[in-house]
Amino acid sequence: MAEPSPPPAELAARAAALRAELAEHAHRYYVLDAPVIPDAEYDRLFQALQAIEAAHPELLSADSPTQRVIGRVLDGFAPVRHAVAMLSIRTETDTTEGGALAFDARVRRELGLGEADPPVEYACELKFDGLAINLRYERGILVQAATRGDGETGEDVTQNLRTVQQVPLRLAGKPADWPEVLEVRGEVYLRRDDFEALNERQRQRIAAGARNEKTFVNPRNAAAGAVRQLDPAIAAQRPLSFFAYGVGEVRGWAMPDTHSALLDALAAFALPVCADRSVVQGASGLSAFHAAMGERRDALAFDIDGVVYKVNRRDLQQRLGFVTREPRWAVAHKYPAQEQITRMLDIDIQVGRTGKLTPVAKLEPVFVGGTTVSNATLHNEDETRRKDVRPGDRVIVRRAGDVIPEVVGGVAHDPAAGDPPERAAVFDLHRRLGGRCPVCGSGILRPDGEADWRCTGGLFCPAQRKQALLHFAGRRAMDIEGLGDKLVEQLVDSGRVATLPDLYSLDVDSLMGLERMGERSAAKLIEALTASKQARLERLLFSLGIRQVGEATARDLARHFGSMDRVMDASVDELLQVRDIGPVVAASIRTFFEQPHNREVIERLRQAGMRWDEHAGAETAAALPLAGRTLVLTGTLPTLSRDEAKARLEALGAKVAGSVSIRTHAVVAGADAGSKLEKARQLGVPVLDETALLALLDEPQTFEALIQALRPPPATLPAPGSTIENP
């Protein structure tokens, strides 16, 4: 037997509580730009209130958020009364094709269409995650910009919107074609790359000691905050963008007959209109658009949380009309929520393949972004502290596509909501781990100026083992052909290989027991391993995976010190004497070789029969014929590969740089050379083809004569007071 409905008094109290809660969250979202719950949670509360009011109309009140768009004008901005109200549209939260089917069915029912009637034509657009704006143009000139506010009255933000480069101050086209009045409705937003750049600048300001600075939770909040800055100069520092998607008041202009044609007309006025839109037929067209954009969602340059369907013909829009706060002819069809609330149970520390220590939130499982999430990254210690999230807290979790789920912030602590009476201590990674790697027990450190703690175990740490092996075997390191990802996985997981020297204890019989490894493949790998025992010192140094040591630094170390023992024993001061090595790199090298297990790996490589070239050191490097010369390679050479040309030049002591400057001695250019060749010509840098390069490699002592012969004559300067005409 079904349980009886709650008495009306309880329903009235519940409805009143929901109205108050929704009003508070709307105030935080629209006015303060500081939401404490994700959109999906707000939608759930809103739908709960809608259900109560639908079942008990007597509980409906004029101040219900279901009856009007919520928000109010902020102090400090002049109020703007909208000539045509800026209303919301209905949200369809069924994220399957059922949402599209339900909307089409409602439209057909309202229009009195039967099964035999043709499908309805719809205009489909994206649902941008930004701030709604009304731009008012009078005789083609932007005269006012206003926020939506409460739908009837918004805030005058004209000066801030004038800083948005995408918003035209004057419409394109002939003045005779401009409407007397044209109000353009659209969305101000931040692109994802612009948002990341903005947050990076904020982090740098914070690190430099700037007060009252913060990073932003998401692009929507950052965009809304920029629009509501009282100082337009601050708004101008945030790279806002704008998309138009409709109109408000229009006078003196013949409106197009369809919504899609209206957007085309706005685009012709040079107003930015999103290209990801389409005209479709019937429910199947709606569903296909929703699915297609869902697949592309994470690849877009900006955030969306759904798509918007609008009946395309304006005469049908007028027939359908409005219901209270929303048009019957439009709907927003959402995707699975990308943010949800759950409880953080604990914080684990994960050791990455490069030794980075990452705090990971252990969560009560929550369905977000189309999957169940029980772990989410906290990025690093500073971010964890900035977000002020601690075990036991309720937190907001975000997941977008294949991006690793992250905790974006916490929910206000409230014991009445089940939160612990007292919060846990502020997160301290070093104290939590006792200063030791949780995997191998090696010491951990946080280099100056960096955000991440790292394990110093290097070659010894099991968490870093597979990556260390792959790096060691790489083409630019030991070049062990056949030792790829899948084989390394098998070698480590089967226990055959734990550290680099173990590779040289492998034989054909032990390899043949692995998947997809026959006798011939095993023999070829053993040959490659044997060949790698005769190594160049610079390649070996690079292959060890010392943090901050790339190919160029490894080469400089080998040339300066000449032997592995001298590199291992070098002090920080001695390392600083090496070309292009600064304090950070020197400290990283010193830290690596201070670990006994790393030195043990090198000794075991010697015992396995590995040998590398050694020489006197710095004096030998300085004596190389091209020492002190800098060359740049660009384009495709006829016979030499870029890597081969670079290696041969570097073997003669030259530095091969990636860009052209006044310090470049020569540029080697092949086919399809681009901007580097052009810059060389502008700077008067000599340019060699492959024939000249081969001659130089054969007789490097002729470098100066060759360069002098190829150096272009000095440019003739114009006489003082003369003008230079553009060609």
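Here, each number is a calculation from the coordinates, and none is a lab measurement. This structure is a prediction, so every number in the text was calculated from the model and none was measured. Backbone-built Cβ (ideal geometry, glycine too); neighbour counts: all protein chains shown.
A few points about this structure:
- Which listed pairs, of LYS356/LYS524; LYS524/LYS655; LYS127/LYS362; LYS466/LYS533; LYS486/LYS533, have C-alpha distances above 26 Å, in listed order: LYS356/LYS524; LYS524/LYS655; LYS127/LYS362
- Calculated from backbone phi, Karplus (6.51, -1.76, 1.60) coupling profile of segment 539-545 in Hz, x at Gly/Pro: 5, 5, 4, 5, 5, 6, x
- Rounded Å value of the spacing that divides the Cα centres of segment 142-218 and segment 492-508: 58
- Charge tally for PRO501 (other residues, Cβ to Cβ under 10 Å; Lys, Arg +1; Asp, Glu -1): -1.
- Segment ASP419-ALA20, extension gain: residue separation times 0.36 nm, minus the distance between their alpha carbons: 141.5 nm
- Chain lengthening between VAL323 and VAL584 when straightened (0.36 nm per residue, less Cα-Cα): 87.5 nm
- The distance linking segment 344-368 with segment 403-425 is 15 Å (Cα centroid to Cα centroid, whole angstrom).
- Amide H to amide H distances under 5 Å link ARG139 with VAL181, LEU182, where only residues 5 or more positions off or on other chains count and H is placed in the peptide plane.
- Equivalent-ellipsoid semi-axes of segment 624-710, from the Cα gyration tensor, Å, largest first: 17, 15, 12
- Taking Cα atoms only, the orientation of helix 519-531 departs from the longest principal axis of the chain by about 60 degrees.
- Dimensions in Å of the chain - Rg and Dmax from alpha carbons: 33.1, 102
- Label point distance in nm, GLN350-LEU101, each placed 7 Å from Cα along Cα→Cβ: 3.8
- Karplus-derived 3J(HN,Hα), 6.51/-1.76/1.60, for each residue of segment 381-395, Hz, glycine and proline x: 4, 4, 5, 4, 6, 4, 6, 6, 10, 9, x, x, 6, 7, 10
- Projected label points at PHE367 and ARG201, each 7 Å from Cα along the beta carbon direction, are separated by 4.1 nanometres.
- Part-to-part distance (alpha-carbon centres) for segment 267-309 and segment 580-600, which is given in Å: 52
- Angle in degrees between helix 192-207 and the longest Cα principal axis of the chain, rounded to the nearest 10: 70
- Computing FRET efficiency as 1/(1 + (r/R0)^6) for ALA13 and ARG44, where r is the C-beta to C-beta distance and R0 is 25 Å, gives about 0.85.
- In summary, segment 8-67 shows an alpha-carbon radius of gyration equal to 1.13 times the 2.2 N^0.38 Å reference for compact globular proteins.
- Relative to the longest principal axis of the Cα atoms of the chain, the long axis of helix 596-607 makes an angle of roughly 50 degrees.
- Among beta bridges from DSSP that stay inside the chain, the antiparallel ones total about 85%.
- Shown in residue order for segment 235-245 are the 3J(HN,Hα) couplings computed by the Karplus curve 6.51 cos²θ - 1.76 cosθ + 1.60 at θ = phi - 60°: 4, 5, 6, 9, x, 6, 10, 8, 10, 8, 9 Hz (x for Gly and Pro).
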